[in-house]
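Trainee: Dumping the structure here so I can ask a few things about it.
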2 protein chains.
Amino acid sequence: MAVYTEVGDDELEEFLKAYDLGEVRACKGIAEGVENSNYLLQTDRGTYILTLYEKRVAKADLPFFLGFMDHLAAHGIACPTPIHGRDGKALRELAGRPAAIISFLLGMWPRRVMVGHCGPVGEALARLHIAGAAFDMRRSNALSLAGWRALFEDCRTRADEVQAGLADELAREFDDLSARWPKDLPSGVIHADLFPDNVFFLGNRLSGMIDFYFACNDFFAYDLAICLNAWCFEPDLSFNATKARRLVSGYRRVRLMLPTEIEALPLLARGSALRFLLTRLYDWIHHPAGAFVKPKDPIEYLKKLRFHRSVTSPGAYGL
Amino acid sequence: MAVYTEVGDDELEEFLKAYDLGEVRACKGIAEGVENSNYLLQTDRGTYILTLYEKRVAKADLPFFLGFMDHLAAHGIACPTPIHGRDGKALRELAGRPAAIISFLLGMWPRRVMVGHCGPVGEALARLHIAGAAFDMRRSNALSLAGWRALFEDCRTRADEVQAGLADELAREFDDLSARWPKDLPSGVIHADLFPDNVFFLGNRLSGMIDFYFACNDFFAYDLAICLNAWCFEPDLSFNATKARRLVSGYRRVRLMLPTEIEALPLLARGSALRFLLTRLYDWIHHPAGAFVKPKDPIEYLKKLRFHRSVTSPGAYGL
């Protein structure tokens, strides 16, 4: 839940003058997203999301994120799209923060993931990868090997406070992944954070994807491996191979995967688990004592990581 | 900002079957209100607020609050109204909490109070008092003299941690107010918490009042005295007599005030300042160390209280 920056009524009115959206009729802070301040904005013309970008999002990356959303929408992908002002610009400033108005996407994210969600998620991810091919901006993945190393070095001395032996296990894992990480898989713009709270459904139909603020250039199969971690474990952290099969089959119905991509999935899934383990570990170690927002448990991803390490072939994913 | 209770998609769907609102199209936690969990709910039929009542609201009081909102709406007062299910009931249970769906009120609360807001607020308050006269339920004011005493006794030994001498000053204030508190002013159902964040405007027009969860039976003039504290001090805590005059004039355009009510305003305003001082003091003393939500400063209300104590006649309010 997050509203870090309060917006005054006068400054909102002034801000809206740059747009063709009519008068403001309501504006309520919404409790979604943890990185930015989000308001549900209603004007004479409709309902929108007003986002104020907070410190964790680099201002220099915003043209990439907003441009990618524009690009996807123009290529028929259901996602929120930036609203452009009369001057053509989508990104401006409000209450001292970079700010944008984004279209409102109907739907709800699934609080409980069912097998039936996974096929549509795979299909949507593949469509995103294909649509992104013609996007002409680039953003390297700050949370790949080099980023993991920086996070690991920062957390190393305190990792064992979370679980005894964790620092050693992570060091071994990191060395092994570094040595074996693929270099030449098909790549392009990936979502990089397609967790259930970023996919909306209306009934059984996937209505769209949101939150493109981790999007970057990387292997397509790595994006699918992130979804294996995000969608295919049960609350008790047991792996659900049926969900994985539906997810990957959905993806392959839309985009042809090379055999090398399929073969790399267990390794990519380990890397993806390590990525979320490290960011959670970092937040765990650095969160202010007694803060209201409890950091997520890093150990969940240690367990997922160990599962993928035990996988000897993609067959374990039901493929 | 507040979403204390998460609602699952299945249970929301089930819950909505009791209503005639069609299918859910979106449901987002909103960051307004500190007592309850609020969701902005969109269905085929429109936009609503879904409220889950948390522990600080007594379940036994909910029929009074919801009934009062129904009553006000039926009497032409612009306010959110409870949506009744097919069984006629407005109050039911969701995610283990009492829950209701309330109509969505357009408008925004003024982040910066201007003189022009105060007249309409006075008028709306008077209309609420008149419309409430025919309401046949009663709820005594838990935050009048007896409630203040209980809060004061709880905080007494630690009050001086907030400011030296505070406990003595509050004891004297409480004794004086108890001795002189009016017994026979016109009374009825009052809002009891009509702060700027509970009054919505569309442009210059007041579009409605919200948050009736402190409503109770008490003196009408006490409700107006609460508004003197809530609307008529500048951010530097100087009293703005122009705002007060507009507020009270607006009120009197709609409801005739007795001379005894006008005379009592300084005393009632002291009582109202003491009420907010004590609840803030209580929250200050009892809030968990390091909690995310910083309690509001009680000293703001000590300063307001001292101002009202210095007032020798209602003329100081610009009347």
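Read-outs: derived from the displayed coordinates by stated rules, not from any lab. Small disclaimer: the values here were computed from a predicted structure and weren't measured. Note that each Cβ is placed from the backbone with ideal geometry, even for glycine, and that neighbours are counted across all protein chains shown.
Trainee: Under unit Cβ charges (Lys, Arg +1; Asp, Glu -1), what dipole magnitude, rounded to 20 debye, does the stretch A:9-103 have relative to its Cα centre? Don't skip to the answer; put the middle values down first.
Mentor: Numbers: 11 positive and 15 negative charges, 48 e Å.
Taking the Cα centre of the stretch A:9-103 as origin, the dipole is about 240 debye.
Trainee: Suppose every K and R has +1 on its Cβ and every D and E has -1 on its Cβ; what is the size of the dipole of the protein assembly as shown about the Cα centre, in Debye to the nearest 20? Kindly include the intermediate steps, with their values, before the conclusion.
Mentor: On the way: 76 positive and 80 negative charges, 107 e Å.
For this selection, approximately 520 debye.
Trainee: So for chain A, taking the charge dipole from beta-carbon charges (+1 Lys/Arg, -1 Asp/Glu), which of A:I262, A:P120, A:L12 sits furthest toward the positive end?
Mentor: A:I262
Trainee: A follow-up question, please. Specify the angular offset, from 0 to 90 degrees and rounded to the nearest 10, of the alpha carbon long axis of helix A:145-155 from the longest principal axis of the alpha carbons in chain A.
Mentor: Roughly 90 degrees, rounded to the nearest 10.
Trainee: Please state, to two decimals, what the Cα-based radius of gyration of the protein assembly as shown comes to when divided by 2.2 N^0.38 Å (N = residues). Write down the numbers at each step before the final one.
Mentor: Numbers: Rg = 28.2 Å, N = 638, 2.2 N^0.38 = 25.6 Å.
Its radius of gyration relative to the 2.2 N^0.38 Å reference: 1.10.
Trainee: In nm, what is the difference between 0.36 nm times the number of residues separating A:R45 and A:I130 and their Cα-Cα distance?
Mentor: On the way: separation 85, 0.36 × 85 = 30.60 nm, distance 3.21 nm.
Extending this stretch completely gives an extra 27.4 nm.
Trainee: On to the next question. From the label point of A:E234, set 7 Å from Cα along Cα→Cβ, how far away are the matching label points in the other copies, in nm, ordered shortest to longest?
Mentor: 6.5
Trainee: Something else now. Kirkwood Rh, the stretch A:181-231, all Cα pairs: how many Å? Let's see the in-between values first.
Mentor: Values: mean 1/r = 0.0848 Å⁻¹.
Kirkwood radius, the stretch A:181-231: 11.8 Å.
Trainee: Rg and Dmax in Å for the stretch A:174-319, alpha carbons only: what are they?
Mentor: When restricted to the Cα atoms of the stretch A:174-319, Rg and Dmax are 15.6, 48 Å.
Trainee: I'd like to know how the stretch A:9-103 sits against the 2.2 N^0.38 Å rule of thumb: what's its Cα Rg over that expected value?
Mentor: Values: Rg = 12.7 Å, N = 95, 2.2 N^0.38 = 12.4 Å.
Expressed relative to 2.2 N^0.38 Å, the Cα Rg reads 1.03.
Trainee: Please report B:V121, B:V24, B:V162 as a ranked list, fewest other C-beta atoms within 10 angstrom at the top and most at the bottom. Please list the in-between numbers first.
Mentor: Details: B:V121 27, B:V24 21, B:V162 18.
Least to most surrounded, the residues fall as B:V162, B:V24, B:V121.
Trainee: Please give, to one decimal in nm, the separation of the simple spin-label points placed at A:E6 and B:S310, each 7 Å out from Cα toward the Cβ.
Mentor: Computed distance between label sites A:E6 and B:S310 equals 2.5 nm.
Trainee: Where does the Debye-calculated log10 I(q)/I(0) of the stretch B:116-191 sit at q = 0.12, 0.14, 0.25 Å⁻¹, using only Cα point scatterers of equal weight, no solvent?
Mentor: -0.56, -0.70, -1.09
Trainee: Karplus couplings for the stretch A:8-13 from phi (6.51 cos²θ - 1.76 cosθ + 1.60, θ = phi - 60°), rounded to Hz, Gly and Pro as x?
Mentor: So the Karplus estimates, Gly and Pro as x, are x, 5, 4, 5, 5, 4 Hz.
Trainee: Right, next: Please order B:T312, A:T260, B:T5 by the number of other Cβ within 10 Å, starting at the fewest.
Mentor: Numbers: B:T312 8, A:T260 12, B:T5 17.
Fewest to most other Cβ atoms nearby, the residues stand as B:T312, A:T260, B:T5.
Trainee: Follow-up. Counting pairs on different chains as well as pairs 8 or more places apart, how many Lys pairs in chain B have Cα atoms under 20 Å apart?
Mentor: Count of close lysine pairs: 9.
Trainee: Subtracting the Cα-Cα distance from 0.36 nm times the residue separation, let me have the gained length for A:E23 to A:T260 in nm, one decimal.
Mentor: Numbers: separation 237, 0.36 × 237 = 85.32 nm, distance 5.38 nm.
Roughly 79.9 nm would be gained on extension.
Trainee: Report the relative contact order of chain B, percent, no decimals, based on alpha-carbon pairs under 8 angstrom and at least 6 residues apart. Write down the numbers at each step before the final one.
Mentor: Details: 522 pairs, mean separation 51.3, N = 319.
Answer for chain B is 16 percent.
Trainee: Once the Cα gyration tensor of the stretch A:21-68 is diagonalised, what are the square roots of 5 times its eigenvalues, in whole Å and ordered largest first, as equivalent ellipsoid semi-axes?
Mentor: On the way: eigenvalues 104, 38, 11 Å².
Over the Cα atoms of the stretch A:21-68, the semi-axes work out to 23, 14, 7 Å.
Trainee: What FRET efficiency comes out for the pair A:S140/B:E234, r = Cβ-Cβ distance, R0 = 56 Å, nearest 0.05? Intermediate values should be presented prior to the final figure.
Mentor: On the way: r = 51 Å, r/R0 = 0.90.
The pair A:S140/B:E234 has a calculated efficiency of 0.65.
Trainee: Looking at chain A as a GNM with Cα springs under 10 Å, which of A:G88, A:G147, A:G271 has the largest mean-square fluctuation?
Mentor: A:G88
Trainee: Kirkwood Rh and Cα-based Rg: tell me the resulting Rg over Rh for the stretch A:148-229, rounded to two decimals.
Mentor: 1.08
Trainee: Could you tell me, in Å, what Rg and Dmax come out for the Cα atoms of chain A?
Mentor: Spelled out, the Cα radius of gyration and Dmax of chain A are 20.1, 61 Å.
Trainee: Run through the other copies and list how far each one's label point is from that of B:K183, in nm with one decimal, shortest first; the point sits 7 Å from Cα along Cα-Cβ.
Mentor: Distances between equivalent label points, in nm: 9.4.
Trainee: Shortest first, in nm, what separates the label point of B:A74 from those of the same position in the other copies (7 Å along Cα→Cβ)?
Mentor: Relative to the other copies, B:A74 has label-point distances of 5.7 nm.
Trainee: Between B:K296 and B:R56, 0.36 nm times their residue separation minus their Cα-Cα distance comes to what? Write down the numbers at each step before the final one.
Mentor: Values: separation 240, 0.36 × 240 = 86.40 nm, distance 1.70 nm.
Roughly 84.7 nm would be gained on extension.
Trainee: Percentage of Cα-Cα pair distances in the stretch B:32-163 greater than 23 Å, rounded to whole percent? Provide the component values of the computation, followed by the final result.
Mentor: On the way: 4324 of 8646 pairs.
Cα-Cα pairs in the stretch B:32-163 separated by more than 23 Å: 50 percent.
Trainee: I would also like to ask the following. Name the residue, out of A:S103, A:S272, A:S238, whose mean-square fluctuation peaks in a Gaussian network model built on chain A with Cα pairs under 10 Å.
Mentor: Per the Cα network of chain A with a 10 Å cutoff, A:S238 tops the list.
Trainee: To the nearest 10 degrees, how steeply does helix A:241-254 sit against the main Cα axis of chain A, on a 0 to 90 scale?
Mentor: Once rounded, one gets 60 degrees.
Trainee: Can you put A:F200, B:F307 in order, fewest other beta carbons within 10 Å first?
Mentor: Working: A:F200 23, B:F307 20.
So the ranking, lowest neighbour count to highest, is B:F307, A:F200.
Trainee: Another question, if that's okay. Angle between the Cα long axis of helix B:299-310 and the longest principal axis of chain B, 0 to 90 degrees, nearest 10?
Mentor: On a 0 to 90 degree scale, this one is about 50.
Trainee: What value, in deg cm²/dmol to 500, does the helix sum -39500 (n - 2.57) over DSSP H runs of n ≥ 4 give at 222 nm once divided by the residues of chain A? Intermediate results must be reported in sequence, preceding the final value.
Mentor: Values: 10 runs with 135 residues, N = 319.
Here the helix-only value at 222 nm equals -13500 deg cm²/dmol.
Trainee: Nearest 0.05, what FRET efficiency do A:S187 and A:H287 give at R0 = 41 Å with Cβ-Cβ as r?
Mentor: On the way: r = 33 Å, r/R0 = 0.81.
The calculated FRET efficiency here is 0.80.
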